[in-house]
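> My questions all concern the structure below.
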Amino acid sequence: MTDTELKTETEEKILDAALKIFARKGYDAATTRAIAEESGFTEMTLFRKFGTKKNLFEQVMLRGNLQIEKDASQLFLPRDNLTSREFIKTFIKRLDNFVLRNFEYFHLTIVEDSSTIKPNVRTTINYISKYFKEQFPDRDLDYTAFGYSMSTFIYSLNIDRYYGRTSTFKDFDESLDKLVDIFECMLEN
């Protein structure tokens, strides 16, 4: 392993730990000591790699943004020959996996960094709205409200998972079928 690979691995471990601690505790309550302990490195290593807690937070946010952009490409696949129901169900499952994989980042942006969340939420909703408008054109539907509804359901489900709470949606597949019924009705109107 080269020095560069070692540095990258160390930085990645610190960034992973920082994301967990920032998401759980928020920026103000998160300590560099807790981040160092979570990462398995010393605070000295953390400061040598990132300089300040603020810079570490900014790097966590930057990395999260880049990961979201990369992962989002898997959300917006063509409809192919799927029925409306199959398409909606497939998309919701992909959206759920996307949010679950990136939940700590999403959660952190919502609870901590309002300058990031507003544009990110708008961008995500705009993508979902545009995607469904392209897949189901000429419907008498508020596509933006459609996107917000879908995103809210998925975030609600994942916040319960994140905190280990019993979800309002006890059985995901049963809840998913009910949700698909609702969205299918919205598209059919």
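The values are calculated or read from the model by the stated rules, or taken from the named source; none is laboratory data. Keep in mind it's a predicted model, so treat the numbers as computed, not measured. Because the Cβ atoms are built from the backbone with ideal geometry, glycine has one as well, and the counts that use them run over all protein chains shown.
> Given the criteria touching a Leu at 6+ places or on another chain (Cβ under 8 Å), of a type in the set (Ser, Thr, Tyr) and closer than 28 Å to Ile128 by Cα, does Thr83 qualify?
When the stated conditions are applied, Thr83 does not pass them.
> Does Phe91 qualify as being surrounded by 15 or more Cβ atoms within 10 Å (Cβ to Cβ), in contact (Cβ under 8 Å) with a residue 12 or more places away in the chain, in the same structural domain as Glu134 (by TED's automatic domain parsing) and assigned to a helix (DSSP H, G or I)?
So Phe91 fits the description; yes.
> Next question, about the same structure. Within the group Phe41, Phe47, which residue is surrounded by fewer than 20 Cβ atoms within 10 Å (Cβ to Cβ) and not in a helix (DSSP H, G or I)?
Exactly one of Phe41, Phe47 is surrounded by fewer than 20 Cβ atoms within 10 Å (Cβ to Cβ) and not in a helix (DSSP H, G or I), namely Phe41.
> Here is a follow-up. If you check Thr168 against the conditions, is it buried (at least 17 other Cβ atoms within 10 Å of the Cβ) and at pLDDT below 85?
Judged against the criteria, Thr168 is not a match.
> Only one of Asn126, Asn65 is within 10 Å of the chain's Cα centre (by Cα), in contact (Cβ under 8 Å) with a residue 12 or more places away in the chain, surrounded by 13 or more Cβ atoms within 10 Å (Cβ to Cβ) and farther than 23 Å from Leu176 by Cβ. Can you tell me which?
Just one listed residue meets the conditions, Asn65.
> Give Ala18, Ala23, Ala34 a once-over and let me know the one that is touching a residue at least 60 places away in the same chain (Cβ under 8 Å) and surrounded by 13 or more Cβ atoms within 10 Å (Cβ to Cβ).
Ala23
> What is the number of the single condition among (1) at pLDDT 85 or above; (2) more than 20 Å from Arg79 (Cα to Cα) that Asp140 does not meet?
Asp140 satisfies every listed condition except (2).
> While we're looking at this one, here's another question. Look through region 1-31, keep the residues that are outside any loop (DSSP other than H, G, I, E, B), under 15 Å from Leu46 (Cα atoms) and hydroxyl-bearing (Ser, Thr, Tyr), and return whichever of them is modelled with the lowest pLDDT.
Out of the qualifying residues, it is Thr8.
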